[in-house]
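The values are calculated or read from the model by the stated rules, or taken from the named source; none is laboratory data. Keep in mind that what you see is a predicted model, and the values were worked out from it rather than measured. Positions of Cβ are backbone-derived with ideal geometry, glycine not excepted, and every protein chain shown enters the neighbour counts. Only protein heavy atoms, including side chains, enter the accessible area calculation; ligands, DNA and RNA are left aside. Shrake-Rupley method; radii C 1.70, N 1.55, O 1.52, S 1.80 Å.
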Amino acid sequence: MSRYDEKMALIVVDVQNDFADPNGSLYVPGGEEVVDFINREIAAARDAGATVVFTQDWHPAVTPHFSKEGGIWPVHCVAGTWGAELHPQLDHAAGETRIQKGVTGEDGYSAFNVSDPETKVISSTGLERLLRDSGIETAVVVGLATDYCVKATAIDAAVAQFTTTVLEEGVRAVNLKPDDGSRAVEEMRQAGVTIS
Ligand code: VGL
């Protein structure tokens, strides 16, 4: 039986070349390995009438998010570049929802909210409204990376009272420190996210 129904959203986080391709500027180890698994989930979600959402980190070329401007990350997912494109093998269809985050220089870890790196002011991406307006009650989260955007997205989904599950086969971690991925899993569990 499918895990999906029409009150569910599958949120595919940042399966973009810069994270999922070994030549990407912020390659997440094993990032390309999640694509086949995620494609099967996308197919199952579509079959069941669930909503499929694709997120993209989408940065200006100059942003305090990048280390050259005082942030912590190499330049990645600059709007309109190869690195920002969804992985070519990812089965995304025209007309399915895309959420682009970080577009005006914010830190855009979560698909739901972005925050100004200097003032820390949080603003919504509109995803919560969109899911509520579609009658969504449950969120399934997969993608990259476990310890950043997947974690932030899943925790925000749980805080927004969606029943939230992360599928471990569909995520990989940056692991700046070796156990960041497992710590992220623990933090998500603490926030009420089911890890499946
Ligand atoms: C991400 C690091 C920096 C992610 C985004 O998509 O998880 N990680 N920006």
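Things worth noting here:
- Residue match in region 13-30 (condition: away from the ligand (no atom under 14 Å from the Cβ), among the polar types (S, T, N, Q) and within 18 Å of the chain's Cα centre (by Cα)): no
- The listed residue being open to solvent by 60 Å² or more (accessible area, probe 1.4 Å), part of a loop (DSSP other than H, G, I, E, B) and free of Cβ contacts under 8 Å to residues at least 12 places away in the same chain, out of 120, 68: 120
- Tally, over region 10-46, of residues that are of a type in the set (A, V, I, L, M), open to solvent by less than 10 Å² (accessible area, probe 1.4 Å) and closer than 15 Å to residue 146 by Cβ: 8
- The lone criterion from (1) part of a helix (DSSP H, G or I); (2) without any contact (Cβ under 8 Å) to a residue 12 or more places away in the chain; (3) farther than 18 Å from residue 165 by Cα left unmet by residue 19 is number (2).
- Only residues that are open to solvent by 10 Å² or more (accessible area, probe 1.4 Å), touching a helix residue (DSSP H, G or I) at 6+ places or on another chain (Cβ under 6 Å) and away from the ligand (no atom under 16 Å from the Cβ) were counted in region 126-185, giving 2.
- Matching option when the condition is under 19 Å from residue 148 (Cβ atoms), touching a residue at least 40 places away in the same chain (Cβ under 8 Å), among the small types (Gly, Ala, Ser) and touching a strand residue (DSSP E or B) at 6+ places or on another chain (Cβ under 7 Å), among 84, 50: 84
- Enumeration of residues in region 44-89 that are under 18 Å from the mean Cα position of the chain (by Cα) and within 22 Å of residue 138 (Cβ to Cβ): 45, 50, 51, 52, 53, 54, 55
- Scanning region 94-113 for residues being more than 15 Å from the ligand (Cβ to nearest atom) and in contact (Cβ under 8 Å) with a residue 24 or more places away in the chain gives a total of 3.
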